[in-house]
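Bear in mind that the values in this text are calculations on the coordinates, not laboratory data. As the structure is a prediction and not an experimental result, all values here were calculated from the model. Don't worry about glycine lacking a Cβ; one is built from the backbone with ideal geometry, like all the others, and counts go over all protein chains shown.
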Amino acid sequence: MARTKLNLPPRFHFSTVIAVRIDDINYGGHLGNDAVLSLIHEARVRFLKKHGYSELNIDGAAIIMVDAVIQYRSEGFHGDQLLAEVAVTDFQNTGCDFYYRLTNNETGKEIARAKTGIAFFDYEKKKTISVPQQFKSKFQGI
């Protein structure tokens, strides 16, 4: 069976350290697959906040996630400090991709990599809208 391959961008725009919580652990005693999506969500929120944004206001536009790809690389455990890196790339008319890498901050072992497709959205009109030019300019070509 073919496996998902996720090539990461050469550079990340942001990094933060996130602890693996007891709620992130599954019955196998390691980081649960569902928890990885929650951890990258936290990393994205921190990234946006650093730049003065929120998921409901990026230069007047909200964002919604339209797809996600996660590639699991190794186990994570309760109490691990994960370096979460975030990059924004692949801009299109109404969206872009956020890439993530989670690495054990102590050992350097890669835990997971992920990509989320993001669309810019107007919640009042219930439709996608163009990527705000100011946001795009900050990250395009970096």
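Net charge near N104: determine it from the other residues with C-beta under 12 Å of the C-beta of N104, scoring Lys and Arg +1 and Asp and Glu -1.
Values: positive: R73, R101, K109; negative: E75, D80, E106, E110.
Combined, the nearby Lys, Arg, Asp and Glu give -1.
I'd like the distance separating the alpha-carbon centroids of region 14-29 and region 91-142, in whole Å.
21
Quick check: net charge around L82, other residues with Cβ under 13 Å of its Cβ, Lys/Arg +1 and Asp/Glu -1?
Charge balance in the 13 Å sphere: -1.
Ranking K136, K50, K125 by Cβ neighbours within 10 Å, fewest first, what do you get? Can you show the working numbers first?
Working: K136 16, K50 12, K125 8.
The most exposed by this proxy come first: K125, K50, K136.
Would you mind checking K50/K136; K5/K115; K49/K125; K49/K126; K50/K138 for any pair whose Cα atoms are more than 18 angstrom apart?
Working: K50/K136 16 Å; K5/K115 11 Å; K49/K125 25 Å; K49/K126 24 Å; K50/K138 13 Å.
Where the Cα-Cα span goes over 18 Å, the pairs concerned are K49/K125; K49/K126.
DSSP loop chymotrypsin sites (Phe, Trp or Tyr not before Pro) in region 10-80 with at most 16 other Cβ atoms within 10 Å of their Cβ, which ones? Walk me through the intermediate numbers first.
Numbers: sites: F12, F14, Y27, F47, Y53, Y72, F77; in loops: F12, Y27, Y53, F77.
Loop-located and lightly packed - Y27, F77.
If you split all Cα-Cα distances of region 14-135 into 5 Å bins from zero, what percentages do you get per bin, shortest first?
Per 5 Å bin, starting at zero, the Cα-Cα P(r) for region 14-135 comes out as 2, 11, 21, 22, 17, 12, 9, 5, 1, 0 percent.
Find which of P132, S38, A68 sits farthest along the positive direction of the dipole of the chain, computed with +1 on the beta-carbon of Lys and Arg, -1 on that of Asp and Glu, about the Cα centre.
The residue sitting most towards the positive pole is P132.
Using alpha carbons only, how many degrees (0 to 90, rounded to 10) separate the axis of helix 33-50 from the longest principal axis of the chain?
On a 0 to 90 degree scale, this one is about 50.
Gain in length, S130 to A19, computed as 0.36 nm per residue apart minus the alpha-carbon separation, to one decimal in nm?
Values: separation 111, 0.36 × 111 = 39.96 nm, distance 3.47 nm.
The S130-A19 span can extend by a further 36.5 nm.
What does the helix-only formula give at 222 nm for the chain: each DSSP H stretch with n ≥ 4 adding -39500 (n - 2.57), the total divided by the residues, and the result rounded to the nearest 500 deg cm²/dmol? Before the final figure, lay out the partial values.
Details: 2 runs with 25 residues, N = 142.
Using -39500 (n - 2.57) per qualifying helix, the result is -5500 deg cm²/dmol.
Count charges around L8 for me, please; just the other residues with Cβ under 13 Å from its Cβ, Lys/Arg as +1, Asp/Glu as -1.
Numbers: positive: K5, R11, R73, R101, R113, K115; negative: E85, D90, D97, E110.
With Lys, Arg at +1 and Asp, Glu at -1, the neighbours total +2.
Where nothing but the Cβ of Lys and Arg (+1) and of Asp and Glu (-1) is charged, how large is the charge dipole of region 14-135 around its Cα centre, in debye to the nearest 20? The partial results should precede the final answer.
Working: 13 positive and 16 negative charges, 43 e Å.
Magnitude of the dipole: close to 200 debye.
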